[in-house]
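Heads up: the structure comes next, in structure tokens.
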Amino acid sequence: KNQVEQSPQSLIILEGKNCTLQCNYTVSPFSNLRWYKQDTGRGPVSLTIMTFSENTKSNGRYTATLDADTKQSSLHITASQLSDSASYICVVILYGNNRLAFGKGNQVVVIP
Amino acid sequence: EPEVTQTPSHQVTQMGQEVILRCVPISNHLYFYWYRQILGQKVEFLVSFYNNEISEKSEIFDDQFSVERPDGSNFTLKIRSTKLEDSAMYFCASSVSGGAGETQYFGPGTRLLVL
């Protein structure tokens, strides 16, 4: 079964600090992997997209990494801001039907 | 910047009632999707729609569900006879094409509560 697991489930960090979120997946084959940000009560918004051949992708203070051999991805947030408080969802796009397989999300709370 | 919109933002209904959730995709997008997210759970794919027909659906999308594009702008999800377990956040999304690299843009969601 195609699974996307994320850790930690939730995280509290101080404003200005960095954090790293983990995603492990068993989806195979996949065409690409995305990280989405979901603010409370809102729909997910795409942050990064990587194909299986890419190792890293940045979007401002967000940097995603991908290791297709170990089936792991991470999202690093640099110099966190209060507006970074959200759920960060790892999404793997299945090869062939392009269906999205969602992780449960990492809930990040940034405190002043 | 254009965005996907959904109405209503919240809906409360009695078990067994029919509900229609409405979405207005981004105007130049051709592919439309419905997802749901039960409280505390993962986002789950329901159905994709292209060229006025369903292109793919999940096992969740049973005969109680239907989708329609009644005009050039709206995309609707109908639940014929709601059950308690249909309580969830329902997200509509759209994309320019159905390719793997194409970004799906999500609406803000409709929170459905079935009593």
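The values are calculated or read from the model by the stated rules, or taken from the named source; none is laboratory data. Worth saying up front: this structure is predicted, and the values here are computed from it rather than measured. Virtual Cβ from ideal backbone geometry, glycine too; neighbours counted across all protein chains shown.
Find the strands (runs of 3 or more DSSP E) located wholly in region B:1-94 whose residues include 3 or more that are more than 14 Å from every other protein chain (Cβ to nearest Cβ) and modelled with pLDDT of 95 or more, and list them.
Qualifying strands (runs of 3 or more DSSP E): B:10-13, B:19-24, B:65-68, B:75-79.
Condition check ((1) farther than 18 Å from B:GLN41 by Cβ; (2) modelled with pLDDT of 95 or more; (3) surrounded by 12 or more Cβ atoms within 10 Å (Cβ to Cβ)) across all residues:
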{"site": "A:LYS1", "(1), (2), (3)": "no, no, no"}
{"site": "A:GLY41", "(1), (2), (3)": "no, no, no"}
{"site": "A:LEU82", "(1), (2), (3)": "yes, yes, no"}
{"site": "A:LYS104", "(1), (2), (3)": "no, no, yes"}
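Please indicate, with yes or no, whether at least one residue in region A:3-17 is in a loop (DSSP other than H, G, I, E, B), touching a residue at least 60 places away in the same chain (Cβ under 8 Å) and closer than 18 Å to B:PHE45 by Cα. Spell out how you get there, then give the answer.
So in region A:3-17, the residues in a loop (DSSP other than H, G, I, E, B) come out as A:3, A:8-9, A:15-17.
With the extra rule that they be touching a residue at least 60 places away in the same chain (Cβ under 8 Å), the set shrinks to A:3, A:8-9, A:15-17.
Next cut, closer than 18 Å to B:PHE45 by Cα only: A:3.
Yes, some residue in region A:3-17 is in a loop (DSSP other than H, G, I, E, B), touching a residue at least 60 places away in the same chain (Cβ under 8 Å) and closer than 18 Å to B:PHE45 by Cα.
Of the conditions (1) in contact with a Pro (Cβ under 7 Å, 6 or more places away or on another chain); (2) modelled with pLDDT under 95, A:TYR36 fails just one. Which one is it?
Every condition holds for A:TYR36 apart from (2).
Among the residues in region A:94-103, are any touching a Pro at 6+ places or on another chain (Cβ under 7 Å), more than 26 Å from B:GLY98 (Cβ to Cβ) and not charged (D, E, K, R)?
Our first condition is that a residue be touching a Pro at 6+ places or on another chain (Cβ under 7 Å); within region A:94-103, this holds for A:95.
Then keep just the ones that are more than 26 Å from B:GLY98 (Cβ to Cβ); that gives none.
The answer is no; no qualifying residue exists.
Which residue is surrounded by the fewest Cβ atoms within 10 Å (Cβ to Cβ), if the candidates are limited to region B:7-35 and must be hydrophobic (A, V, I, L, M, F, W, C) and closer than 17 Å to B:GLU53 by Cα?
Per the criteria, the residue is B:LEU30.
Please pick out the residue among A:SER80, A:SER58 that is assigned to a loop (DSSP other than H, G, I, E, B) and either of a type in the set (S, T, N, Q) or touching a Phe, Trp or Tyr at 6+ places or on another chain (Cβ under 8 Å) (or both).
Testing whether each residue is assigned to a loop (DSSP other than H, G, I, E, B) and either of a type in the set (S, T, N, Q) or touching a Phe, Trp or Tyr at 6+ places or on another chain (Cβ under 8 Å) (or both) leaves just A:SER80.
Do we find that A:SER10 is more than 25 Å from B:TYR105 (Cβ to Cβ) and within 12 Å of another protein chain (Cβ to nearest Cβ) in this structure?
yes
Quick one: is A:CYS19 in contact with a Ser or Thr (Cβ under 7 Å, 6 or more places away or on another chain), of a type outside the set (Ser, Thr, Tyr), closer than 25 Å to B:LYS57 by Cβ and at pLDDT 95 or above? Spell out how you get there, then give the answer.
Values: in contact with a Ser or Thr (Cβ under 7 Å, 6 or more places away or on another chain): yes; of a type outside the set (Ser, Thr, Tyr): yes; closer than 25 Å to B:LYS57 by Cβ: no; at pLDDT 95 or above: yes.
Taking the combined requirement at face value, the residue does not satisfy it.
For region A:92-106, give me each residue that is more than 7 Å from chain B (Cβ to nearest Cβ), closer than 16 Å to B:ILE38 by Cβ and not small (Gly, Ala, Ser).
Across region A:92-106, there are no qualifying residues.
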